[in-house]
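The structure appears below as structure tokens.
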Amino acid sequence: MQYATITGWGKCVPPAVLTNDDLSTFIDTSDEWIRPRTGIKQRHISHVGTSELATVAAKHALAAAGLEGSDIDMIILATASPDTLIPNIAATVQANIGAKCAAFDINAACSGFLYGLGLASGQIRSGQCQRVLVIGAERLTFYLDWSRRETAVLFGDGAGAAVVEATDKEEGILAYELNNDPAGRDILKAGFGTSMDRFNPESLDFYIQFDGQEIFKRAIAGMGKLSKLVLEKCDLDKEDVDLVIPHQANERIIDTLVSRMKIDKEKAFVNIANYGNTSAATIPIAICDAIEQGRIQPGQTILSCAFGAGLTSAAAVIKWGDRVTPLAQTDAQLPPCDQTGLELVKRAADYFCSKTQED
């Protein structure tokens with residue numbers, strides 16, 4: 001029987017940073033307000049499109065796996081903030097890495113990377129593919145109304161990628177569960193799409209909207225339920241889990257999730273302080289950081305779970321392989337940025353904040 005194991009990993013985080021103190025210069029907030037409620041101290045702001053972030057992350061993942069783009073059989077790119085809707089940006093990444101294969105985007109919001117891992121596992125287990133590149137990439141700051149404190153403090157930009165390969169060893173993605181709760185589809189949304197009135201300038205004022213309390217409740221319920229299901233599929237107990245890598249949306253959500261599952265809080269990997277919520281990119285970025293920090297070791301059992309707009313939810317049990325060091329390195333990086341995070345968001349912040357004052 002074939003299994004699907006992660007053999008390469010890579011991330012791309014734009015260099016410009018927007019701190020909590022920066023935010024306090026144009027909206028009514030502070031580090032003292034943001035950190036206790038979210039765990040976030042800063043987020044990264046991209047000066048390039050989502051496809052460039054995805055490309056750099058993909059190149060690092062390929063190098064870590066010792067592969068070239070031409071070795072890949074399929075590219076699955078999870079994003080809710082693509083450069084273009086037509087064509088999909090997986091095609092752009094494909095061209096940038098020199099791949100000749102199937103390539104498509106999926107939008108499961110913050111659950112997107114785990115959705116992609118599940119699809120990749122299915123392709124490999126069926127024998128259809130041998131190597132799949134899964135990417136989570138977002139430029140969510142594009143959607144923000146910077147006058148709205150409840151969302152302006154939460155989101156950041158970034159990308160992460162993983163190469164998933166076929167193996168005869170019983171390792172890699174041992175089980176996954178994907179779900180959606182359509183009753184909650186309107187509690188987290190952005191009004192961008194073909195329902196917009198193209199001839200009404202007001203339609204361009206789209207932004208992320210959400211009901212925080214309702215999301216908190218449904219997120220914990222959804223992730224908790226699917227996490228238990230994937231552990232049961234593998235005949236594992238919570239004590240068998242070495243590391244939990246959850247979606248990095250809010251540190252309070254993570255704390256509540258592991259507490260209700262009665263998993264040792266020390267097993268939860270949390271890096272939201274440095275990035276904010278990068279949606280589909282949070283889990284692959286966290287995997288990279290966990291490897292860099294020595295938190296992922298060969299043979300470990302990892303539980304990963306996520307939730308996102310839809311309301312999507314996903315969970316996976318991953319048995320890590322025998323390698324935690326890259327086979328090769330790449331010098332792939334973003335073009336230089338000569339602006340700070342505050343300078344990059346200034347135009348949008350000025351627009352939305354002045355509009356709020358007018359209203």
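The values are calculated or read from the model by the stated rules, or taken from the named source; none is laboratory data. The shown structure was predicted, so the numbers you read here are calculated from the model rather than taken from an experiment. Here Cβ is always computed from backbone atoms with ideal geometry, including for glycine, and neighbour counts include all displayed protein chains. In case anyone asks, the SASA skips ligands and DNA or RNA and just uses the protein heavy atoms, side chains included. Shrake-Rupley method; radii C 1.70, N 1.55, O 1.52, S 1.80 Å.
Figures for the structure shown
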quantity: Residue match in the range 193-208 (condition: in a strand (DSSP E or B) and within 16 Å of residue 278 (Cα to Cα)); calculated: yes
quantity: Qualifying positions in the range 308-345 - in a strand (DSSP E or B) and open to solvent by less than 20 Å² (accessible area, probe 1.4 Å); calculated: 308, 312, 313, 314, 315, 316, 317, 318
quantity: Subset of the range 254-304 (residues that are open to solvent by 20 Å² or more (accessible area, probe 1.4 Å), under 18 Å from residue 156 (Cβ atoms) and part of a loop (DSSP other than H, G, I, E, B)); calculated: 270
quantity: Count of residues meeting criterion [of a type outside the set (Phe, Trp, Tyr), more than 30 Å from residue 72 (Cα to Cα) and open to solvent by 20 Å² or more (accessible area, probe 1.4 Å)] in the range 132-153; calculated: 4
quantity: Residue, most open to solvent (accessible area, probe 1.4 Å), within the range 199-214, restricted to residues that are under 18 Å from residue 151 (Cβ atoms), at pLDDT below 85 and out of contact with any Asp or Glu (no Cβ under 8 Å at 6 or more places or on another chain); calculated: 213
quantity: Residue among 228, 217 that is modelled with pLDDT of 95 or more and either farther than 29 Å from residue 302 by Cβ or open to solvent by 60 Å² or more (accessible area, probe 1.4 Å) (or both); calculated: 228
quantity: Helices (runs of 4 or more DSSP H) completely within the range 1-113 that count 3 or more residues being under 30 Å from residue 317 (Cβ atoms) and not aromatic (Phe, Trp, Tyr); calculated: 50-65, 89-97
quantity: Qualifying residue in the range 89-103 (condition: among the polar types (S, T, N, Q) and either in contact (Cβ under 8 Å) with a residue 60 or more places away in the chain or under 16 Å from residue 282 (Cα atoms) (or both)); calculated: no
quantity: Unique residue being of a type in the set (A, V, I, L, M, F, W, C), free of Cβ contacts under 8 Å to residues at least 40 places away in the same chain and touching a strand residue (DSSP E or B) at 6+ places or on another chain (Cβ under 7 Å) when the list is 307, 269; calculated: 269
quantity: Residues (open to solvent by 10 Å² or more (accessible area, probe 1.4 Å) and under 15 Å from the mean Cα position of the chain (by Cα)) located in the range 41-50; calculated: 44
quantity: Failed condition for residue 34, given (1) among the hydrophobic types (A, V, I, L, M, F, W, C); (2) in contact with a Lys or Arg (Cβ under 8 Å, 6 or more places away or on another chain); (3) closer than 18 Å to residue 77 by Cβ; calculated: (3)
